[in-house]
Amino acid sequence: MVRRWWARRNHPAALTKGQTTASHSSTSDADPVDPRLPRTLSAVITHGSFCYAARELGYTQSVVSQQTASLEGELGVELACRRPLGPTQAGARLMVHVASILLRIDAARAEV
């Protein structure tokens, strides 16, 4: 719970004009999202478990949790319900796009 409170409190939308945080300065809508973050969310939602997602991705469970929280912080919405684990409405809407985004990233890597 503390992490969600901190993310909401320090999200750029919650800051007053001219205020920034040390870990996350104000961003514009054009800032790119780290491609690992949607891949991590996809694994979490697909497996229904942070542990299994971590195993598939070769990360620790805490990294998967941090990456999921990071994506939620960037977007300003909760994407996964923790108990029981599953997508929120916003997470389900994002998952519609994640599959095509990951395919395009993989195709681009294959062409390079």
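Any read-out appearing in this document is the output of simple, stated calculations on the displayed coordinates, not a laboratory observation. Computed from a prediction, not measured in an experiment: that's the story for all the values here.
Residue 101 to residue 49: extension gain in nm, 0.36 nm per residue of separation minus the Cα-Cα distance?
Result for the pair: 16.5 nm of gain on full extension.
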**Q.** Estimated vicinal HN-Hα couplings, Hz - the range 55-65 in sequence order (Karplus 6.51, -1.76, 1.60; Gly, Pro = x)
**A.** 4, 5, 8, x, 10, 7, 4, 5, 5, 4, 5
**Q.** Estimated vicinal HN-Hα couplings, Hz - the range 92-108 in sequence order (Karplus 6.51, -1.76, 1.60; Gly, Pro = x)
**A.** 5, 5, 5, 4, 4, 8, 4, 4, 5, 4, 5, 4, 5, 5, 5, 5, 5
Q) For residue 86, which sequence-distant residues (separation of 5 or more, or a different chain) have an amide H within less than 5 Å of its own amide H, given hydrogens modelled in the peptide plane? A) 81
Q: Would you mind calculating the gained length between residue 89 and residue 66 on full extension (0.36 nm times residue separation, minus the Cα-Cα distance), in nm to one decimal?
A: 6.2 nm
(Q) I'd like the Karplus ³J(HN,Hα) series for the range 71-84: coefficients 6.51, -1.76, 1.60, θ = phi - 60°, whole numbers in Hz, and an x wherever there's a Gly or Pro. (A) 5, 4, x, 5, 8, x, 9, 7, 9, 9, 6, 7, 9, x
Q | the range 48-112: C-alpha gyration tensor shape, a/c 1.5 cut-off, then a/b vs b/c | A | oblate
